[in-house]
Structures are given as C-alpha cells and as structure tokens.
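The values are calculated or read from the model by the stated rules, or taken from the named source; none is laboratory data. The structure presented is a predicted model; accordingly, all values stated were derived computationally and were not measured. Virtual Cβ from ideal backbone geometry, glycine too; neighbours counted across all protein chains shown. Accessible surface areas use protein heavy atoms only, side chains included; no ligands, DNA or RNA. Shrake-Rupley method; radii C 1.70, N 1.55, O 1.52, S 1.80 Å.
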Number of protein chains: 2
Amino acid sequence: MTERTVEGTAGRRRGKRPTMLDVARTAGVALRTVSRVVNDDPTVGQDLVKRVRAAIVTLDYEPDERAQQLRRGVSGTIGAAVRNLADAHPVLSAIDQAARKAKLTVLAMSTEDEEQREREAVMSMCRKRVDGIIIEPISANHQYLAPEIEAGMPVVAFDRPTGGVPADAVLSDNAAGIGTAFRHLVQHGHNRIAYIGDHERIFTGRERAASFRACVTANGGPLEGMVHAGAVEPARIASALTTAFDGPTPATALITGNVATTVEVLRYLGADAGRIAIVAFDDFLLADLLRPALTVIAQNSATIGRTAIELLLARAADPTRPVQSVTVPVELIPRGSGELRP
Amino acid sequence: MTERTVEGTAGRRRGKRPTMLDVARTAGVALRTVSRVVNDDPTVGQDLVKRVRAAIVTLDYEPDERAQQLRRGVSGTIGAAVRNLADAHPVLSAIDQAARKAKLTVLAMSTEDEEQREREAVMSMCRKRVDGIIIEPISANHQYLAPEIEAGMPVVAFDRPTGGVPADAVLSDNAAGIGTAFRHLVQHGHNRIAYIGDHERIFTGRERAASFRACVTANGGPLEGMVHAGAVEPARIASALTTAFDGPTPATALITGNVATTVEVLRYLGADAGRIAIVAFDDFLLADLLRPALTVIAQNSATIGRTAIELLLARAADPTRPVQSVTVPVELIPRGSGELRP
DNA sequence: GCACCTTGCGATAACGTTATCCCGAGAATA
DNA sequence: TATTCTCGGGATAACGTTATCGCAAGGTGC
C-alpha cells in the first residue's frame, strides 16, 4: 500500500518525517547529542551544536511531542471540557491565555450540554494523559472521575461544582449577583419583580432562584407568580411572562437568570421590551446595542479562567492540598434597561 | 523527590497510572494478550478475555493514547487554528462535529489575529503530529508551512486562502454576497449605497471591496466617497460614515463588510441606525434582536466546517490529488434593516 | 500414526524521545 | 611521569503501546 519512493540522498521522504536519528546521521554525531542540542544542554561543544543545528534545518526536523511526552511523563497540555464551542466563550479564552503563560497547551472539547458527551470528552482527555482537566460540568454526578482524581489527575470545575467527587471549583457569586440586581430594581422604584431562569436541577439555576426568593421575602413582597425556573424553551418563557406581567397585580421588572433565557425573553417581548425594566444575569456581546441597552450582571470571565488555571497548577504542585472553592465577584453594568421606572 | 508509597497489593499507586504490564501481571497473562483484548482481537479465548477485562476494571486501566499514537503512527487528532476562541465561532463548532463523526479529535488553538501566534500554534500542532491542520489564515505568507506540506501534512484553509503555499481552501462566495446585498438595496429604491469594510490587505476585505466597486460601476453610480476599506477602529468608521452620509449627495444605504465593522457602525449610529438601510456581511447571534433587526448576508458555517473536514480527509487519503478550492454560497436574510426605503 | 494446518498465546522488536551510565581525552596535581 | 579530575560525548535502557514472529497444543487429512 505505502508507496516507497527511491531516495538518493538523505533527503526528506514523503509522509515520513525525519527523526533525531536522521539528524544524528546527517550531522555525523550520536543520537544523544542531537537530543542535547535540541534541549539546550550546555555540555555540547560549539562546533557540534552548529553541525547539529545545520542538519536540523536541512532536514526540517521537528521533535515529536508525543515521544517527548511519553518519555518525560508530562504532556504539557490541559483539557478544557466546556459546554459549547460554537457560542462566545470568554472563559475558555481566558483559560487559553493563562495556560499559554504557563507554557501549557489547552485541548478544548465541547460537551454540547450532554452528560454523555461530557464523559466521553473527559475520558478522552484522560487517555491523552493531559496534565489537568478544567470542566464546566453538565453532569450532576462525576463518579466516573473518581479513579482519575485518585490517580492524581488535577480537576477544576468552573461555573458549577462537580458532584460526588472532591474537586476544586471556581464559581461566580450568584447570590450576590441576584441580590445586586434586585436591589438595583428596587432602587429604581420597582416592588413587583419577576424572575425567569434555568431549571433548578442545574446548579446555577438553583442558586439564582433561591437567592431571588430570599430577596423577595426579605423585601416583604409576594412570591407567587414571580419565580419561574425551568427549561429554556419559548413556550415556557412565554407562559412565564404572561403569568408575571398580565395578572391582576403585574410585575413591573424582570430578572433573567442566564443568557439563553434573556434572549428568549427579548425575542418574545419584541418591541415591548422597552416597557419593562430588565436586569439580565450574564453579559454578552452586543447587549449594549439593544434598545434599550441591556443592564446586566456581568461575570468576570477573565478572573474565572485565570483562577481555574491557578487552582489547577496549585493542585498539580501539591496533590494533597485541601479542596478549594473560589467565588468570583460579579458586577452590575447599568445600560438602560435596568434603570427604567415602573 | 517522588514520594514512594509502600504497596501491599497490586493496587493503584498515587500519580502512577497502571500500564498494560500491570494489567497483564494482575490477570496472569502476557502483555501482548492485554493489548489484544484492548483492541478486540478475536483470537483470544473467552476466559482470558474475562480475566483481562476484570483486571482492567480493578486497576482502572486506561490506555495511554500517546503511546498508541507513537506506535500506530497516526494521532487521530486534527488541529484547528482559528482567529479567536473567545467570540462565537460556528465554523469551529461545525468542524468539531464533523471531526467527531470521523472519529477525530479537534485541537483548537487561537491565533488571536496575530501572525506570530498563528505560526506558533500551527508549528505546535505539527510537533504534536496531528493528522491534519485546518487554518483560518491570518498571515498572508505561509512559507513556513511548506516543509510540513512537503512532508505530507494535509492543510486546509477556510475563510481566506493560504499564501505562497499550495493548500486546499473553502471560501465563502464573497462576490455573490456583495452582489446580492447590492441588488437587494437597489430593489428597495436605493441608488446611493456606501460600503464600509475591512482593510484590503486582508483577503476578504479585498474581495468584498472589489465586488462592491464592480456593483457600483455596473449600476452606473458614482464611486467617490462610497467605498471605505481599512482598519476596523471607531475613528475610521466614524469618518467613513460622515463622508458617506453627510456630504452634498449623501448615501441612503450601507453595506458593512464584516461583523466587527457592523458592530462599530451600529455603535456609532446609535438611535440613527433606523434611518438608513443596512445590509451586513456575516450573520451573528442576536442580529434579529436589534431594532431594526439586521438584514445580513449569512455565511453557511455548517457547510464550511463540514467541507473543510471533507477536504482534509480527502487529502489525507490521497496526498497527490490536485489542490482544490471550494466556494460556499451565502444567503441574504432579510430582517428589516435592509428593507428600509430611502 | 504422522504430516499439516489452524488456534491461542507469549517473547520480542519497534515507534521517537530522554536519562543513566560509562568511557576517552585532556588538564591539573603530586 | 603517573594519577586524579573534569568535560564532552556515545551506548543503551527506558516510557507504554502495537506488530511481527514463533511456538506449543489440538484437530484433520492420508
């Protein structure tokens, strides 16, 4: 099958890359010496270094990282299992940049919001012997990770914690975010505020809904018809909006619990969006171009990504350190929609 | 340095993963037999398969892909060097899905729109011996890839072609897109149409600006003050808009050449955006939520990604096939902004 | 009853690196 | 001059797989 090209000189063969041995032969030195030159070992004479370098250039030699990793025992790569690769993912970007600073490559895989895919992706990373895994969990149960963690694989979760397995985590301050949003709306004259967000079986949905309920209760307001947590689908959003804003004592303001919900709400409201005050959890590109521009609770993606890498490196350095959960502050960005009066 | 835990049984050691040899010893068979079981070789007796499987489970053995790759010669991974990992990237997502169907893992790296980073990322992929590289080029010159392509590395570019090196490419039909946008605006009563887009040293900027000029000329309209190609920065966008719309014979419609330009234009126009007709090249999330909703020329990201993988696989299968450039149709999606009358 | 295949499994050599030895040659010391 | 010490560099053994052999049993042909 493989076509074999006749080679006159010690030139390149199609489909077959030169190895250290080829370089060594071309330079007329031992294999080990080439390795030394490649790794900048100072115990090689200048003339030999030159010879080897020249051979490397003429052969276009590039070391095989797989072999290096196998031999060295570390891969210089960390895996990042994120929920979605298609949409904007500022945290992944921050992870990538922080990793690069630490001389690490990021292998990003999408879990497509499916538990099955998450597991496949993560186990695939383990088979690649990555030096650590950063995961934006979908599963509620990460038992399948137990042997890996046991074997010393550093695992850090972000946005949501892992379930059933001890792992570091970096989370946004959901409670503070909802609280800030609520108070902001109250300060602008609202006392009937509704919440629409994700399903409560999802960690963030649960935390945000719970915080919202606490805010309403603390504010002395009624809860009924004001809290709508569930799947993000147009029909549910529509009925939630109808319940909250078309009843006998309608809400005048709305807090949305995540980007997907926000988008669906805006789609449904259409031109009516300008008539109710909205604070949205999570910022997104172009939120400032909407009319009215969207007031948001922005998560600090850069800090989240950076912290995730820091936690990963810390655990890699000391596998026995206690499991840590870092909470990253959020920030309210007023743009107009949250400052509308009732 | 390495702490050595005393082991009584053949159990797990912290930080040291079990290998095939460990499995073999536990199962009481030869190393080679474990390999056979792992690879579903049918020439192993049922009882031995069971013994080995049991040992694999008790040890939590996971094969080391690096060693597999090294031995097999293929990595089962393709690299994708994209311009940006932070923003939405539907093509990357399509590549990921198509690759998964072909049992391939995607290693995505961001070039951050910098030539230097592109080169680093791509060379890093080569050192990892990926089975192919999909690249969204930043550089105009890809000479550095010549040795890799020579050595048989399949390379496919998308969005823009590679420079100075023969590689397959999948491109959007920029000319048709601009033509469609132009005719759409003409049909809605505009005959003074302006274009603001990317710098013409960038392939897509060049193609789109050229097509626009051709459209204007064919339509018998004047060109001066109507074509603005250059860096995407607020100041330039502002002056371009002023020139086009505040002159003695102002334009009544606008075609924007890429997402970044579109966003800057909308930011600058603010509430005035509703007063001029706009068709934007490239669709983006939430374009339908703007007021007026944005009429766009949408690229077919799914097809682009899928085609890129197809070209890659085809080249991997037959390295001698002629270099091919595929053009993917674009589609005008009317949403309101492009249907405004003068 | 012996040659001849299958079948089932084990020893061993790669894959392309790096790390551990080890040795020869010169410099420094007695 | 003989001896030790450094220093530069070469064999060679891993790393964890898979592929090529080869070798025993056991079944079938004459």
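Averaging sequence separations of C-alpha pairs under 8 Å and six or more residues apart, then dividing by the length of chain B, give the relative contact order as a whole percent.
Relative contact order for chain B comes out at 16 percent.
Less than 14 Å Cβ to Cβ from A:Thr295, Lys/Arg counted +1 and Asp/Glu -1: what total charge do the surrounding residues give?
Surrounding charge for A:Thr295 is -1.
Give me Rg/Rg_expected for chain B, where Rg uses Cα atoms only and Rg_expected = 2.2 N^0.38 Å with N residues.
1.34
For the stretch B:236-342, what is the largest minus smallest coordinate of the Cα atoms on each principal axis, given in angstrom and ordered from greatest to least?
Dimensions of the stretch B:236-342 along the principal axes of its Cα atoms: 58, 26, 21 Å.
Considering only protein heavy atoms and a probe of 1.4 Å, how much of the accessible area of the protein assembly as shown is carbon and sulfur, as a whole percent?
53 percent
For chain A, which longest stretch is free of loop sites, where a loop site is one of the GluC sites (Glu not before Pro) that DSSP puts outside H, G, I, E and B and that has at most 13 other Cβ atoms within 10 Å?
Longest stretch, sites excluded: A:8-223.
Subtracting the Cα-Cα distance from 0.36 nm times the residue separation, let me have the gained length for A:Asp60 to A:Ala30 in nm, one decimal.
Additional length available on full extension: 9.0 nm.
P(r) for the protein assembly as shown: what percent of alpha-carbon pairs falls in each 10 Å bin, starting at zero?
3, 13, 20, 22, 20, 12, 7, 2, 0, 0
Just want the answer: with Cβ charges of +1 for Lys and Arg and -1 for Asp and Glu, which residue in A:Ala157, B:Gly76, B:Gly221 is farthest toward the dipole's positive end in the protein assembly as shown?
Result: B:Gly76, furthest along the dipole toward the positive end.
Using only the Cα atoms, what convex hull volume per residue in Å³ does the stretch B:24-73 have?
Per-residue hull volume (Cα only) is 74 Å³.
For each pair in B:Lys50/B:Lys103; A:Lys128/B:Lys50; A:Lys128/B:Lys101, compute the distance between the two Cα atoms and list the pairs where it is over 24 Å.
Going by Cα-Cα distance, B:Lys50/B:Lys103; A:Lys128/B:Lys50 fall outside the 24 Å limit.
Please compute the contact order of the stretch A:2-159 in relative form: average sequence separation of alpha-carbon pairs under 8 Å and at least six residues apart, divided by the residue count, as a percent.
Taking the mean separation of contacting Cα pairs over the length of the stretch A:2-159, I get 18 percent.
Rounded to two decimal places and with Rh computed the Kirkwood way over Cα pairs, what is Rg over Rh for the stretch B:74-168?
The Rg/Rh ratio comes out at 0.93.
Could you work out the local net charge near B:Ala30, counting Lys and Arg as +1, Asp and Glu as -1, over the other residues with Cβ closer than 14 Å to its Cβ?
That sum, taken over residues with Cβ under 14 Å, equals +2.
Kindly give Rg over Rh for the stretch B:120-219, based on alpha-carbon atoms, with the Kirkwood expression for the hydrodynamic radius.
Using Cα coordinates only, the ratio equals 1.15.
If you take every residue apart from B:Ala169 with its C-beta less than 10 Å away from the C-beta of B:Ala169, what net charge results, scoring Lys and Arg +1 and Asp and Glu -1?
Around B:Ala169, the charge tally is -1.
Mind giving me the FRET efficiency for B:Ala214 and B:Ala238? R0 is 30 Å, r the Cβ-Cβ distance, nearest 0.05 is fine.
Calculated value: 0.65.
Rounded to the nearest 20 debye, what is the charge dipole size of the stretch A:81-206 about its Cα centre when +1 sits on each Lys and Arg Cβ and -1 on each Asp and Glu Cβ?
280 debye
Quick one: putting +1 on the C-beta of Lys and Arg, -1 on the C-beta of Asp and Glu, what dipole do you get for the protein assembly as shown around its Cα centre, in Debye to the nearest 20?
Result for the protein assembly as shown is approximately 1860 debye, rounded to the nearest 20.
Using a cut-off of under 18 Å, list every residue of the stretch A:175-204 whose amide N is near the label point 7 Å from the Cα of A:Thr249 along the Cα-to-beta-carbon line.
From the stretch A:175-204, the list is A:186, A:189-195.
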